1. Take the residues of region 92-119 that are in contact (Cβ under 8 Å) with a residue 24 or more places away in the chain and small (Gly, Ala, Ser): which is surrounded by the fewest Cβ atoms within 10 Å (Cβ to Cβ)?
2. Taking into account only those residues within region 48-63 that are at pLDDT 80 or above and within 15 Å of the chain's Cα centre (by Cα), which is surrounded by the fewest Cβ atoms within 10 Å (Cβ to Cβ)?
3. Of the conditions (1) modelled with pLDDT of 95 or more; (2) surrounded by 21 or more Cβ atoms within 10 Å (Cβ to Cβ); (3) of a type in the set (Asp, Glu), ASP122 fails just one. Which one is it?
4. Would it be correct to say that VAL172 is of a type in the set (A, V, I, L, M), touching a Gly at 6+ places or on another chain (Cβ under 6 Å), at pLDDT below 95 and in a strand (DSSP E or B)?
5. Assess whether VAL155 counts as being assigned to a strand (DSSP E or B), under 21 Å from ARG130 (Cβ atoms) and not hydroxyl-bearing (Ser, Thr, Tyr).
6. Quickly run through region 58-113 and pick out the residues that are part of a loop (DSSP other than H, G, I, E, B) and at positive phi.
Amino acid sequence: MKSPHKLKQRARRMLAAFSAILLLTHVSLAQQAGFNWCFTPASLGVPTIDGTVDEPNELGWFSAFEYTFNNGTGDPDVTVHANASTTDLNLAVQVKNDPTWDLNDTILLAIGWKAVGTGSPDTFAGIRLRPLQNGGVATPPKWSYRPGSGSTANVNWGAEQADVGWLSSKTVTGGSAPNRTWDTEIKMTFGAAKLPVPSGKPLFFYFNVFRVCSAPVCPSTAPGDDGQVVQFPWPSVKADRLDLTGDTLMPTDNIDSTPLPSLWGKGIINSTSNCTGVNFSWGDISSTPAHIVANQPVKLTAKLHNNSGNNQAATNVLAVFRKAPYGVSAFNNWFPLNQVNVPSVAWDGPALGGGAGTPAQIDWTPICGSARQWPQLHPRRLELQRGGNGHSQPR
């Protein structure tokens, strides 16, 4: 629990001849409680729940929101992908750098909403998944669901419903100690007798990933401990710290141990209406000259907007430009062109794309390898990341 973390998220859309990523970024961890977790529409198809998160090559995750806990090494500890169809809520969790695989490795979600109208939540859903459980006689249920009622100051959680039929998951493990991995894909079906969470309605949202390292690989730190646990909660109320500590950690991995909903973040399913941060749309992408010609220099520009709720500039935004050859599947052929650090993206209004914007630009000279390649039709892709050594939430 002593590694600095960067946090990132993204929501993405693609066109055939030009692809870009709509980046929804908050300014700093200090304001994270006001940030919105966006379960973006699965516009390019639903993911295959097979335990293999083939992103960005799998269309089902290509348009998903993404949130990453990075440790500064380029090999993030935890990455979470999320989107929704009209029938299902889809979630994928990728865990790396895990010294041991443990039956108590846990994914926990808690969602709250107003049953009638909008406002402070009075209805709740809690889900706990232990993806490495094998269903043995002596093990607790692999997943469980608990409905709840109450307010932001208190939740009365109902009885646990074990291994509910409307939730399915698949986990694939890999690597070796001390860098074991496990990827879990989850599908939860909406419905009154299933997951009763509404679409397109403001939500309160909390999640936590418990990465367990058991003894003797990880020694006990206190009497009664059996190894060590690192938690990866969202939101986290401490800004620019080296430890994931604070009010949103949990004393146990039980649903009724979640922090008070007043400490949760905001969210929305199948909509981007409540999403704020650094953003751009198709009309914000341009090139000079407008028509790209092989072997002639061109300047690519992305006009970045910032509608973060705190009316402050977003700092250290890294724009990464990529391209895929025309005539080749773009989903697994993205090559970097160049990148540029934008020191500050000014707040330019409360709406998405609401103002003049801040330009991010690179120079590029396209090379035409054969007469069949048309550089002006090469798909291009833009990714945004938040730079720096502190906590951040890019893409």
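The values are calculated or read from the model by the stated rules, or taken from the named source; none is laboratory data. Note that the coordinates shown come from a computational prediction; the quantities given were computed from them, not determined experimentally. Here Cβ is always computed from backbone atoms with ideal geometry, including for glycine, and neighbour counts include all displayed protein chains.
1. It comes out as ALA110.
2. Only one residue tops the list, namely VAL53.
3. ASP122 satisfies all of (1) modelled with pLDDT of 95 or more; (2) surrounded by 21 or more Cβ atoms within 10 Å (Cβ to Cβ); (3) of a type in the set (Asp, Glu) except (2).
4. Yes.
5. The answer is no for VAL155.
6. Once the filter is applied, which keeps residues that are part of a loop (DSSP other than H, G, I, E, B) and at positive phi, region 58-113 yields GLY72, GLY74.
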